[in-house]
Amino acid sequence: MGDDERQQDDGRDETEEERLDRKWDDLLQELRVMQTGVQLLAGFLLTLPFQESFEDLDDVQRRLYLALVLVAALTTAMVMAPIAVHRRLSGLHVKERLVRTAHAMVAGVLTGIALLITGMVVFIFDFVVDRTIALAMGGGVALVLLTLLVVLPNTLVGRDD
């Protein structure tokens, strides 16, 4: 479980079951926030084929668009999966497995959202400006996302400020 294994005693006076319940509640809250973002991004993508200018897309733009729709669908499925797993496993006393699985799904959802954001920047800049600028902007956004979603959290692990 990552942080919990490294930090067994975090100063909380809770049983193992209480700790797992707290972790599950934290994961659910994170998934709720991410679900809204995924829904907004997917909703944006779903409206595009109904725009007149959609016909002006070249082959690369159409393929990128379809790839983004696929990533949006898979990311949506990853947001929903922990709930489906919880529904199936509820009452079976396997919350540790549930929390571990949901933790992995959250990492997948974050990856999917980062890909969606980067891909949409490339897609929009390619359509509005040109492909070279689109790739530069997408690379910049990918770098910012990598920094915020991977580097920053890793720098905070084990810090005592």
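Among the listed residues THR101, THR15, identify the single one that is among the β-branched types (Val, Ile, Thr) and loosely packed, with under 13 Cβ neighbours inside 10 Å.
THR15
Quick one: in the stretch 109-161, of everything that is surrounded by fewer than 15 Cβ atoms within 10 Å (Cβ to Cβ) and polar (S, T, N, Q), which residue is nearest to the chain's Cα centre (by Cα)?
THR147
Among the residues of the stretch 85-100, which ones are under 19 Å from VAL33 (Cβ atoms) and either free of Cβ contacts under 8 Å to residues at least 12 places away in the same chain or of a type outside the set (A, V, I, L, M) (or both)?
The one that is under 19 Å from VAL33 (Cβ atoms) and either free of Cβ contacts under 8 Å to residues at least 12 places away in the same chain or of a type outside the set (A, V, I, L, M) (or both): HIS86.
Could you list, in sequence order, all residues of the stretch 109-161 that are touching a residue at least 40 places away in the same chain (Cβ under 8 Å) and in contact with a Lys or Arg (Cβ under 9 Å, 6 or more places away or on another chain)? Before the answer, list the steps.
Step one: filter the stretch 109-161 for residues touching a residue at least 40 places away in the same chain (Cβ under 8 Å), giving 109-110, 112-113, 115-117, 119-120, 122-123, 126-127, 131, 157-158.
Within the stretch 109-161, VAL122, VAL157, GLY158 meet the criteria.
So if I check each of VAL150, VAL121, which one is part of a helix (DSSP H, G or I), of a type in the set (Val, Ile, Thr) and within 21 Å of LEU31 (Cβ to Cβ)?
Of VAL150, VAL121, the one residue that is part of a helix (DSSP H, G or I), of a type in the set (Val, Ile, Thr) and within 21 Å of LEU31 (Cβ to Cβ) is VAL150.
Give the residues of the stretch 34-68 that are at pLDDT below 90, of a type in the set (A, V, I, L, M, F, W, C) and surrounded by 16 or more Cβ atoms within 10 Å (Cβ to Cβ), sorted by residue number.
Selection gives MET34, VAL38, LEU41, ALA42, LEU45.
Under 19 Å from LEU116 (Cβ atoms), in a helix (DSSP H, G or I) and out of contact with any His (no Cβ under 7 Å at 6 or more places or on another chain): does that describe GLN35?
Numbers: under 19 Å from LEU116 (Cβ atoms): yes; in a helix (DSSP H, G or I): yes; out of contact with any His (no Cβ under 7 Å at 6 or more places or on another chain): yes.
So GLN35 passes the test.
Residues in the stretch 1-31 that are at pLDDT below 80, of a type in the set (Lys, Arg) and out of contact with any Gly (no Cβ under 9 Å at 6 or more places or on another chain): how many?
Residues that pass the stated criteria total 1.
Quick one: is ARG88 surrounded by fewer than 16 Cβ atoms within 10 Å (Cβ to Cβ), within 17 Å of ASP25 (Cβ to Cβ), among the charged types (D, E, K, R) and out of contact with any Cys (no Cβ under 9 Å at 6 or more places or on another chain)?
Judged against the criteria, ARG88 is not a match.
Please go through the stretch 69-94 and pick out each residue that is at pLDDT below 75 and part of a helix (DSSP H, G or I).
If the condition is that a residue be at pLDDT below 75 and part of a helix (DSSP H, G or I), then HIS86, ARG87, ARG88, LEU89 are the ones that fit.
Report, by residue number, each residue of the stretch 57-68 that is without any contact (Cβ under 8 Å) to a residue 40 or more places away in the chain and in a helix (DSSP H, G or I).
ASP59, ARG62, ARG63, LEU66
Given LEU156, LEU149, which one is closer than 26 Å to GLN35 by Cα, of a type outside the set (Lys, Arg) and in contact with a Ser or Thr (Cβ under 9 Å, 6 or more places away or on another chain)?
Going through LEU156, LEU149 in turn, the sole match is LEU149.
The values are calculated or read from the model by the stated rules, or taken from the named source; none is laboratory data. As the structure is a computational prediction, the values presented were derived from the model and not from experiment. In this analysis, Cβ positions are derived from the backbone assuming ideal geometry, glycine residues included, and neighbour counts consider all displayed protein chains.
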